[in-house]
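Below: one structure, written as structure tokens.
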Amino acid sequence: MGQAILHFQPAAPSERRVTLPSALRLAPDQTDRAAALLAQGQLVAFPTETVYGLGADATNGQAVAGIYAAKGRPSFNPLIVHVADTAEAQDHVDWTDTADRLAAAFWPGPLTLVLPLREGHGIAALVTAGLPTLAIRVPAHPAAQRLIRAFGGPVAAPSANPSGRISPTTADHVLAGLGDRIAAVLDDGPCPVGLESTILGLHGDAPVLLRPGGLPAEALEAALGQPLAVATADAPLTAPGQLASHYAPAATVRLNATAPRPGELFLGFGPMPCDLNLSASGDLTEAAAALFTHLHALNAQGKPIAVAPIPDTGLGRAINDRLRRAAAPRG
Ligand code: TXA
Ligand code: MG
């Protein structure tokens, strides 16, 4: 019988497949189970309003090391810490008046603040990859809020994708990329914003936009009452979002295309014939929410992707930032 023969002829080492347990998919009413896994030092992916995060106990260096291992992430990339509210953030960073004003206006929400680590912060050194500052945010998603509160401490979480790949906006994206390397994913449907948080550096003399994201820079400028400095390409690398080819799909990407060339898939914006449309009505919020989902779907077809022009205002700035990185030559 075939099975018996196989039993006595083990596969050559190169053909041998190790079957790793795949991640649990937990429902929103299983938050306590997800929190217990975090407390054990395990990796749990969870939804935020921006993208799914790959969470670990931020005070447990071993658990945080697991994040870098699972993502295959360069170790110089520090992580964002997620807390339940502003009071908890103040336990970990040196708070400022500007931080207070912005937190009051935009937390919980898609804004990450970079501030100096406070003495006695309790955060594992690996989280900040040696930097004296910490990126911290209070997510608005109810599932993220419940998880952080049930866990009862700070949760370190990068986006839950293999390093350099498209960020996940559904639990299926997470499982496709990391399903054999994490304990669980808390599944609460697609992420409403669809773009990572806006990162603002408050650790220098003036606020600096380190990464455009789900909170439009214009909203920050209005709250600050001043135009924002933007981190330039030759500034020291503090955000991997600054690596040129970050967020790359496997397929090549061509931007500002008015029409597809033969063999290309076309990602549209506004009313136009295309394979997938970010927003047929030209709505940037809808386009942001669809961006990574559509890139995942087109990427799965294994053909080059052409993308229609996107206006460079509001959320369009973050969308264009991600698209430029998707299109950058690979290093
Ligand atoms: O929306 C988001 O921000 C998502 C969700 C899960 O919260 N997270 C996310 O994390 O996008 P990640 O790891 O993919 O990107 C974190 C960014 C990186 O570009 C990192 O370099 C930057 O935050 N970052 C972290 N700590 C920093 C620090 N101390 N100074 C400057 N940038 C920092
Ligand atoms: Mg990321």
J(HN,Hα) series, segment 157-165, from Karplus relation 6.51 cos²θ - 1.76 cosθ + 1.60, nearest Hz, glycine and proline x: 7, x, 4, 8, 10, x, 3, x, 9
Skipping prolines and chain starts, which residues have an amide H placed within reach, meaning under 5 Å, of the one on Arg25, given they are 5 or more residues away or on another chain? Val185
Calculated from DSSP helices alone, with each H run of at least 4 adding -39500 (n - 2.57) and the total divided by the residues of the chain, [θ]222 nm to the nearest 500 comes to -8500 deg cm²/dmol
Multiply the residue gap between Ser163 and Thr98 by 0.36 nm, knock off their C-alpha separation, and tell me the result in nm, one decimal place. 20.2 nm
Could you list log10 I(q)/I(0) for segment 253-327 at q = 0.23, 0.27 Å⁻¹, which the Debye formula gives when each Cα is one point scatterer? -1.03, -1.46
Asp91 versus Gln30: modelled label distance in nm, points set 7 Å from Cα along the beta carbon direction: 2.7 nm
If each part is reduced to its alpha-carbon centroid, segment 170-218 and segment 262-303 end up apart, in Å, by 20 Å
List the residues, sorted by chain then number, that are 5 or more residues from Ala160 or on another chain and whose placed amide H is less than 5 Å from its amide H. Tyr52, Gly53, Leu54
Estimated vicinal HN-Hα couplings, Hz - segment 142-156 in sequence order (Karplus 6.51, -1.76, 1.60; Gly, Pro = x): x, 5, 5, 4, 4, 5, 4, 5, 5, 6, x, x, x, 10, 7
What is the packing order of peptides 153-163, 318-328, 31-41, taking the mean over residues of other C-beta atoms within 10 Å and listing the highest first? 153-163, 318-328, 31-41
Residue-ordered couplings for segment 302-313, obtained by feeding phi - 60° into the Karplus form 6.51 cos²θ - 1.76 cosθ + 1.60 and rounding to whole Hz (Gly and Pro as x), are x, 10, x, 10, 9, 10, 5, x, 10, x, 9, 10
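Where a number appears in this text, it was derived from the coordinates with a stated rule and is not lab data. All of these numbers come straight from a predicted model, not from anything done at the bench. Backbone-built Cβ (ideal geometry, glycine too); neighbour counts: all protein chains shown.
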